[in-house]
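Each remark here refers to the structure printed beneath this line.
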Number of protein chains: 2
Amino acid sequence: MARRVASTTGSADLDARKATILEAVVTEHIDTAQPVGSSSVATNADLSVSPATVRSEMVALERDGYLAQPHTSAGRVPTDKGYRYFVDHLSEASVGSSQQRQISEFFAHVRGEVEDVLEQTSTLLSELTNYTSVVVGSGHSRATILSAQLVNLDANHQLLVSVFSDGAVTKHSLFTNYTASPSDVTEASRQLHALLLGTSLESRVQVPSRTDTVASLVREAVALLHAVAPTVDGEQVFIGGSSRVAEAFDGVETVRKVLAILEQELLVVSLVQDVLDSGSAVAIGSENAYEPLASCALIVAPVTIDGQRAGAVGLLGPTRMKYREALAAAQLVSEQLSRHLLREDERV
Amino acid sequence: MARRVASTTGSADLDARKATILEAVVTEHIDTAQPVGSSSVATNADLSVSPATVRSEMVALERDGYLAQPHTSAGRVPTDKGYRYFVDHLSEASVGSSQQRQISEFFAHVRGEVEDVLEQTSTLLSELTNYTSVVVGSGHSRATILSAQLVNLDANHQLLVSVFSDGAVTKHSLFTNYTASPSDVTEASRQLHALLLGTSLESRVQVPSRTDTVASLVREAVALLHAVAPTVDGEQVFIGGSSRVAEAFDGVETVRKVLAILEQELLVVSLVQDVLDSGSAVAIGSENAYEPLASCALIVAPVTIDGQRAGAVGLLGPTRMKYREALAAAQLVSEQLSRHLLREDERV
DNA sequence: TCTGGCACTCGGTAGAATCGAGTGCTAACA
DNA sequence: TGTTAGCACTCGATTCTACCGAGTGCCAGA
């Protein structure tokens, strides 16, 4: 398991007692949102030592950057590094059985287009956890093309409609500076279909080199499709429960900043991708590449089809979020979603 | 112009001085978010009377429900009825020239699919006004069908892909409890295309009554398309600048509630529709059918193509929003958008 | 190495005093 | 009759103080 921040200071594992204390502080702070004092740690965590002992350990933990004091004579609060240690040493937890049922129930009955499933999944995840959820559906560059056609909207404006084996349908406008007759378009559409059928967006396709209208249409349509394909443009982002941002923070300004981020799909995609690349399942506070997320944690679980990344599900909450439950929920949902999409895929 | 609330108490127009005072109170309160006192009205509004006179008028305005006092010995605040009067008697204002340029600029250069245009329009509107914007694109029930095809995803799962004259592309999954061979699907697709070409979703279509697989496929596909069409399902909603909700209110709880509403597309559509139906351009506070919007105002301007409602643009802000500017912006954008869509449409 | 004891810090809360914006009322005035 | 100046009054907001207590750091003793 990655321990990015912890490793930067070269610190090894904490000894058992420090670890227990850190865990107690994190747990209680997540629960109460208040600084945690030595005495409550001494009583709650079942190490039979006095508050004074806990205190001296806390001093050490603060020195090493795991804890911080809002001000003298207040309790301790975990730092990002403290949360990081906590998360990295989290005992695996499974989601509650009622939630488990809710998830199975959902995937057993959900039906319809992939987009709808992804959107509903994002709502599900948000309702399960009470955090804002993010579902990213990656492009369909691996899917094969089942159908491609050109539809004549206008003498200079055709619509390229493609259907993919994963059930996706895309449309792209093709504007030409020459005029194509309806019959040209029909013929181009026929050729295009024959040409692209069974290929994927990653395939090389032999386009006609002739210069007549039909050939030009075909050439431009293929180029259009292949040009747009590999960009992030293909990524679909679904945000669920954005109103929960307002539950997670109590400063209106923080809420505004976080919402502003969620509005930018590209940014969200890249944040999620960063977490996936980091090798960890969570980005905590300043680990997020984006400053306004300093008080947020982003949990991400990949969605795969046949071992291929097909997207990701994520949860965005405050750094003091309930990592154990949220991680478990994200993981379970991503697994089930992967399985669900695979099943859809295999039908082809 | 409608004066829904005002008319409920049977009150006629206010006399000139009361109107001036009310306007002054509303204007200042919108600006400062503070209760407005008699003296500042006396100096700012250019009726040459003393604060005492203003005061006695304010008493009357409060009695009639246009103003309210947060507590004794505070200034006055407009009620929803007060805002309503203000809005109904608003002098027409045009948007600033720099904004006007921004809007023309936008519509001169925007290109691509309708959905993209609508989404970008919503961003534009939000940036122009600093309020959260709503753009609703209505269904394409009037548009004629340019193409319809069935694509075989699976023995029991076909995808119905339709292309409309307005450039819209829809897809619907068709699950059958019988098995259709690829050639059946191809044939059904051919028939379907011939059958639907040139019709609109409102047209009656003569479906084959035979019971063979192909006919069944055709019949079910037509039914599927026509069943889904007239529902609100066809409405597309684009929210722009949802983070600005957090700017408009300072209670996190209010922000949460409003965001929660914006998450429900159907609700948003119906709210917008309500305003359109009301005959006014704005729903203020409790005029909104939905209680959590009691502190919000919703401005709506219809988008039309050929006199037909094709959607709407809206702005959601606090009741103390800048009505004049926001109304002007919404109106101008809706006009330009209508023109833009019409141009797209006429090309067909 | 741990612990109990203790002085100390400092944010939060409660209460009192004060301030002042704004009101309502009244009596006089045009 | 409508308008105005004057004035007492109200009440939220602000400031100040005192004080409480949770929590700390340190130290001496077990």
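The values are calculated or read from the model by the stated rules, or taken from the named source; none is laboratory data. On a predicted model such as this, the values are computed, not experimentally measured, just so you know. Don't worry about glycine lacking a Cβ; one is built from the backbone with ideal geometry, like all the others, and counts go over all protein chains shown. These accessible areas exclude ligands, DNA and RNA; they are computed on the full protein's heavy atoms, side chains included. Shrake-Rupley method; radii C 1.70, N 1.55, O 1.52, S 1.80 Å.
A few notes on this one:
- Listed cross-link partners A:Lys322/B:Lys257; A:Lys171/B:Lys171; A:Lys81/A:Lys257; B:Lys18/B:Lys81 are compared with a 21 Å cut-off, the Cα-Cα value being larger for A:Lys322/B:Lys257; A:Lys81/A:Lys257.
- Overall form of the protein assembly as shown per C-alpha gyration tensor (a/c, 1.5; a/b vs b/c): oblate
- Within the accessible area of segment B:4-88, the carbon and sulfur atoms contribute 52%, probe 1.4 Å, all protein chains present.
- Applying the criteria of a DSSP loop state and at most 13 other Cβ atoms within 10 Å to the trypsin sites (Lys or Arg not before Pro) of segment A:131-220 yields A:Arg204, A:Arg210.
- Shape category assigned to segment A:145-232 from the gyration tensor of Cα positions, a/c cut at 1.5: prolate
- Taken per residue, the accessible surface of chain A reaches 44 Å², heavy atoms only and a 1.4 Å probe.
- GNM remark for chain B: springs join alpha carbons under 10 Å apart, and the peak mean-square fluctuation among B:Asn130, B:Asn177, B:Asn44 falls on B:Asn177.
- Annotation for segment B:132-151 versus segment B:243-274: alpha-carbon center distance of 26 Å.
- For segment A:4-88, convex hull volume per residue from C-alpha positions, Å³: 86 Å³
- Summed residue charge, Cβ within 14 Å of A:Leu262's Cβ, Lys/Arg positive, Asp/Glu negative: +1
- Considering only A:Glu57, A:Glu92, A:Glu119, the Gaussian network model of chain A with Cα springs below 10 Å gives its largest mean-square fluctuation to A:Glu92.
- Surface listing: A:Val255, B:Val205 arranged by accessible area from highest to lowest gives B:Val205, A:Val255, probe 1.4 Å.
- Positive-end residue, the protein assembly as shown charge dipole about Cα centroid, Cβ charges, pick of A:Ile103, A:Thr79, B:Val185: A:Thr79
- Size of electric dipole in the protein assembly as shown: Cβ of Lys, Arg +1 and of Asp, Glu -1, about Cα centre, debye, nearest 20: 280 debye
- In segment B:4-88, taking the dipole from charged Cβ atoms about the Cα centre, the farthest positive-side position among B:Ala60, B:Val25, B:Leu14 is held by B:Ala60.
- On the beta carbon distance between B:Leu266 and A:His89, with R0 = 51 Å, the FRET formula returns roughly 0.70.
- For chain B, with +1 on Lys and Arg beta carbons and -1 on Asp and Glu, the positive-most of B:Ser173, B:Leu159, B:Ala328 along the dipole: B:Ala328
- Using a Förster distance of 22 Å, the FRET efficiency for B:Asp274-B:Gln308 (Cβ separation, nearest 0.05): 0.70
- Chain A - Rg and Dmax from Cα coordinates, angstrom: 25.7, 89
- Gyration tensor over the Cα atoms of segment B:288-340: the corresponding equivalent ellipsoid has semi-axes (square roots of 5 times the eigenvalues, largest first) of 24, 13, 6 Å.
- Amide H to amide H distances under 5 Å link B:Cys296 with B:Gly285, B:Thr319, where only residues 5 or more positions off or on other chains count and H is placed in the peptide plane.
- Put simply, the amide H of B:Gly139, placed in the peptide plane, has neighbours under 5 Å in B:Glu235, leaving out anything fewer than 5 places away on its chain.
- Cα centroid of segment B:36-107 to Cα centroid of segment B:176-200, whole Å: 62 Å
- Average Cα contact separation per residue, segment B:4-88, under 8 Å, 6 or more apart, as relative contact order %: 33 percent
- Rounded to the nearest 20 debye, the dipole magnitude of segment B:4-88 is 220 debye, with +1 charges on Lys and Arg beta carbons, -1 on Asp and Glu beta carbons, and the Cα centre as origin.
- Charged-residue dipole, Cβ positions (Lys, Arg, Asp, Glu), segment A:151-243 about Cα centre, Debye nearest 20: 160 debye
- Here the relative contact order of segment B:212-348, from alpha carbon pairs under 8 Å that lie six or more residues apart, stands at 15 percent.
- If you run the Gaussian network model on chain B, springs between alpha carbon atoms under 10 Å, then out of B:Val161, B:Val169, B:Val252 the most flexible one is B:Val252.
- Long-range amide H partners of A:Arg76 with built H, under 5 Å: A:Val36, A:Gly37
- Annotation for segment B:149-245: GluC sites (Glu not before Pro) lying in DSSP loop with at most 16 further Cβ atoms inside 10 Å of their Cβ are B:Glu202.
- Chain B: relative contact order as a whole-number percent, Cα under 8 Å and 6+ apart: 18 percent
- Segment A:279-348 and segment B:300-314: distance between their alpha carbon centers, rounded to Å: 40 Å
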